[in-house]
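The values are calculated or read from the model by the stated rules, or taken from the named source; none is laboratory data. Quantities reported herein were computed from a predicted structural model and do not represent experimental measurements. Don't worry about glycine lacking a Cβ; one is built from the backbone with ideal geometry, like all the others, and counts go over all protein chains shown. Keep in mind that these areas ignore ligands, DNA and RNA; they rest on the heavy atoms of the full protein, side chains included. Shrake-Rupley method; radii C 1.70, N 1.55, O 1.52, S 1.80 Å.
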Amino acid sequence: MQSSFSELELRGKRKQTRRDRFLAEIEPLYPKGGGRGRPPIGAGRMLRMYVAQQCFGLSDEGIEDAIYDSQAIRAFVGIDLAREAAPDATTLLKFRRLLETHGLTQKIFEAIKSHLADKGLMMGEGTIVDATIVAAAPSTKDRAKARDPEIHQAKKGNQWYFGMKAHIGVDAESGLVHAVVATAANVSDVSQTHKLLHGEETEVLGDAGYQCADKRDENRNTPVSWHIALKRSKRKALPANRLGKLLEQLVRANASIRVKVAHPFHVIKSIFKHKKTRYRGLAKNEAQLLSLFGLANLFLARRQ
């Protein structure tokens, strides 16, 4: 579509935004087309299509149909059906693979973090760590007739789960995510603690799954105060005297702060509908998690 004189003038004068810089990084990697066939869709519109897909929890075919069905999604992506067709599922698949191959979802996540930090929403003095299991399909209906070899099962309570874990580090003040790590479900929470710290915090909070985090080799020289919840058995064994009551109050105060870490999980699972892994392999699923938690940060910070 031809640019107007006013758009050309504005393009020469306005400040380059993070979105502009990100698209400038994609452009050299993005196919230019040429010859016969349908010309490629612009990287900017493909990025918007990808964002809409993540926010509505849709498959590649699902977001293609949604563009035709929803005027709001068409307007967001920038598609005018009177002049052009919507990008098809294969085009989005190729764009998503481009993001995964070049680590661009990490850059999306970092760009959103930087934007929120500029707004004063990332305080950095305290970090809450936690993890959640994201179930994977146990189906063996693939070419190898086998389940995903990078995904494993783990027991939580009396229930067994087959899937992966999303480990996150959350800013204790704002509740926004600043670190994301994906592992198989059988990897312990405490083993990933050091990857969830940005290095500038002075306080770290975690549930009972992070017991002895401060004694691990990778955390032994980390200059922070650790506030880890008591295990249920130890909490029940607290004495009924004044000291026991004070310790119980401390446990509850810790829990009232740690509850913020549940909000990003609620957004991606209940609002973005990411209750099961969509792809095979940890790398692809981690790439998607980076996008999801970045968008969850924007969702959580929208009123601030």
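Some notes on this structure:
- Summed over the range 176-221, the residues that are closer than 27 Å to E110 by Cα, in contact (Cβ under 8 Å) with a residue 24 or more places away in the chain and either open to solvent by 60 Å² or more (accessible area, probe 1.4 Å) or over 25 Å from the mean Cα position of the chain (by Cα) (or both) give a count of 7.
- Of residues in the range 126-174 being loosely packed, with under 14 Cβ neighbours inside 10 Å and closer than 23 Å to A208 by Cβ, the one modelled with the highest pLDDT: W160
- Only one of the numbered conditions (1) without any contact (Cβ under 8 Å) to a residue 40 or more places away in the chain; (2) closer than 20 Å to A135 by Cβ; (3) not in a helix (DSSP H, G or I) is not met by R303, and that is (2).
- Residues being in contact with a helix residue (DSSP H, G or I) (Cβ under 8 Å, 6 or more places away or on another chain), of a type outside the set (S, T, Y) and within 19 Å of V261 (Cβ to Cβ) - total across the range 204-223: 9
- Scanning the range 84-118 for residues that are among the aliphatic types (A, V, I, L, M) and under 24 Å from Q304 (Cβ atoms) returns I108, A111, I112, L116, A117.
- Residue list for the range 110-121, restricted to those being among the hydrophobic types (A, V, I, L, M, F, W, C) and crowded, with 20+ Cβ neighbours inside 10 Å: I112, L116
- Positions within the range 87-109 being assigned to a helix (DSSP H, G or I) and either open to solvent by 50 Å² or more (accessible area, probe 1.4 Å) or on the phi > 0 side of the Ramachandran plot (or both), in sequence order: T90, K94, R97, T101, Q106, K107
- Close pairs (8 angstrom Cβ cut-off, 6 or more residues apart or separate chains): open to solvent by 30 Å² or more (accessible area, probe 1.4 Å) in the range 56-72, not in a helix (DSSP H, G or I) anywhere: F56/F272; F56/K273; S59/R278; E64/A86; E64/P87; E64/D88; Y68/L81; Y68/A86
- Against the conditions (1) open to solvent by 40 Å² or more (accessible area, probe 1.4 Å); (2) in contact (Cβ under 8 Å) with a residue 60 or more places away in the chain, E84 satisfies every one except (2).
- Selection count, the range 222-237, where residues are surrounded by fewer than 16 Cβ atoms within 10 Å (Cβ to Cβ) and touching a residue at least 24 places away in the same chain (Cβ under 8 Å): 1
- Leading residue by the ranking (surrounded by the fewest Cβ atoms within 10 Å (Cβ to Cβ)) among those in the range 268-300 that are in a helix (DSSP H, G or I) and of a type in the set (V, I, T): I271
- Close pairs from the range 121-133: first in a loop (DSSP other than H, G, I, E, B), partner open to solvent by 20 Å² or more (accessible area, probe 1.4 Å) and among the acidic types (D, E), Cβ under 6 Å, at least 6 apart: M123/E173; G124/E200
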